[in-house]
Every structure is written in C-alpha cells, then in structure tokens.
Amino acid sequence: MKPKYFIGIDIGGTNIRIGLVDKKSTLLYFEMENTKKVLNNKPVENLSKFIKAYKDKNDTYSILGVVIGFPSTIDKSRKILLSTPNIPGLNQLDIVSRLEKLLKIPVFIDRDVNLLLQYDIYSNKFGNKGIVLGFYIGTGFGNAIQIDGKIVIGCNGSAGELGHIPIMNDQTPCQCGNLGCIEVYASGKRLNYLKEKYFSNTNLSEMFIHHRDNPMIREYIQHLAIPIAIEINILDPHYIILGGGILQMKGFPRHILEGYIFEHVRKPYPAENLKYYYSHEGQTNGVIGAGLYGFKKLEEGTCDSIRK
Ligand SMILES: [Zn+2]
C-alpha cells in the first residue's frame, strides 16, 4: 500500500517549519521559512498559499491532512486561535474552517508545545500510558501535559498555562495582561533582560558558559525550577521532559536545575523517584510531532472526514 503522510507545520515567532511525516515519524522535504515573510498582513490567506504551494510541489504523495502547531492559546474545539502574543494577526481567529475551505483537506491545530510533547513521547518510546509532563523553556515558559495518551486541554482548552501561575505580592506586568506571573522570571525573555542589563559583553548563547556560577544566574535557574516543582508535586508524573532553547544552550547546568527542583518537591515521593528526559535539540521536532499527532487523531477516530 502506498504510504500516507500528514503535512506537519510548526509556527514559531521567527520561523515556520514544514514537512511531510508518515506514521513511523519519517520526515520528508523539510523546509523552513521566515514567519513574517509567510504570514505578512493577511495571515490566513498567506498561510494557505504557503501550504498549497508546498502540497502542490509534493502532489505525488498521498496526503491525509495538515496539522499545525501555534504558539497560541486555542479554544476547546481546537478550531479557533484565541491569542498569540508573539505573532500579530492571530487573535480570535477561526483559522481551521477558513484553511479547510481554502485548502480542501482536513486541518488540525494545537498548541506548539503539545505537538513537541508528541515528538518527545514517540522518540523516547513512552507509549500511551502514564502521566507525562513537558516543560519547554524558550522565549516563554511552555508546558504540556498528557495523561494515558490524551493531551490535557481542560474545560476551555486552556490547560497548561503554567507560566502564568502567580507569585505572591509581585506587581510586575506579564505579556498576558496579568501582574506577577512566574514567566516574567522563568523564561528566555528574563535571561535576555539579565544579559542586556548586567552581561552586555556576553552573547546570549554563551551566558551559561561564562556566568553559570554568578548569583543572578543561579537565582534565574532557581526560578525555572519553581513552576516545574509545582506541577510535579500536583501530578506525581511517570515521565518528565525538559526542553526548549534555554535548556539546550551550551553549558546549561542541568544538575543545578535538577537540584533546585529536588529541593521543592515533596519527600519522600515524588522526590526520590524523579527521572528527567531532555528533548533532543532540533528544528524538526515540532513538525514530526505535528505529523504524529495527525495519525493519533486518525486512530482515535476523531477525524471522520479522513476515515471515509
Ligand atoms: Zn502571565
């Protein structure tokens, strides 16, 4: 039988990544393009053109649908982008219906971190049992939760906003509109702020090589540990995945972060039985995760239009 593929897409603030993915996570024809260049001023029409051009180029392949990861909050039906702080024009947008109309194939969307988690679960062979927590620290603080094979999306679709847990008595404004969110202190944005203010001669990518023992950087790593320890205490997970650009920087002291997490988690358990898995660095993880998620939806029977 001819192999079938999903078009997997990972949309970030800087780059859009796209590729064909089969059921066994094989990736074909991976491409990367500048997000601003692709979305421009008419994001839906331009995204549709971008996908169509890619699909037409690969029209000898059997394509089941498109799965797109957005750095956004998404409604419970997984059709509407509610808010996308880092990309203009992607707020309150009924994107799935509009793309399906333009492309004439099924379209699925989810939060980018949920699709990254699919990749990490697959590549680490965790299977579909147990509680898996993903912590992805990039520009913001991303979090994904999966329980017994199902992504936890919550009552309104907004579960996993761990970066926005409040810090007592803090009044610093967060990009989300609230005051005193932990993301203000536990994110790539914070590391960049520290670099600009105190380490202006150091490249951002070398912050942990040169300053990992500096008290301010130690405090920063301690801040990263807090939301992670909180969620571990709540859910006592089977698997913990740590990823994102900050943790993948050269010289990032994993054992220091793990030590701070250990300090804050309940003893004896889950503290004595923690095992961390680190995401492999790669531009293609979100695209492969998107494709795998398409096949998962197919198996769940949640995409009837494809099954017919
Ligand atoms: Zn916030």
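The figures follow:
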| read-out | value |
| --- | --- |
| Residue match in region 225-238 (condition: within 19 Å of the chain's Cα centre (by Cα), part of a loop (DSSP other than H, G, I, E, B) and either within 15 Å of the ligand (Cβ to nearest atom) or under 27 Å from S72 (Cα atoms) (or both)) | yes |
| Filter pass, V184 being of a type in the set (A, V, I, L, M, F, W, C), surrounded by 14 or more Cβ atoms within 10 Å (Cβ to Cβ), near the ligand (Cβ under 10 Å from one of its atoms) and assigned by TED's automatic domain parsing to the domain that holds R254 | yes |
| Condition met for G142 (within 16 Å of the ligand (Cβ to nearest atom), part of a helix (DSSP H, G or I) and under 16 Å from the mean Cα position of the chain (by Cα)) | no |
| Residues of region 240-282 that turn out to be polar (S, T, N, Q) and without any contact (Cβ under 8 Å) to a residue 40 or more places away in the chain, as a count | 2 |
| Only listed residue being within 16 Å of the ligand (Cβ to nearest atom) and surrounded by fewer than 17 Cβ atoms within 10 Å (Cβ to Cβ), chosen from D170, D148 | D170 |
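Every residue, every condition in (1) surrounded by fewer than 16 Cβ atoms within 10 Å (Cβ to Cβ); (2) more than 10 Å from the ligand (Cβ to nearest atom), yes or no:
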position: G157; (1), (2): no, yes
position: H164; (1), (2): no, no
position: N178; (1), (2): yes, no
position: N192; (1), (2): yes, yes
position: T202; (1), (2): yes, yes
position: S205; (1), (2): yes, yes
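The values are calculated or read from the model by the stated rules, or taken from the named source; none is laboratory data. Here the structure is a predicted model, which means the values were calculated and not measured. Counting neighbours? That spans all protein chains shown, and the Cβs are built from the backbone with ideal geometry, glycine included.
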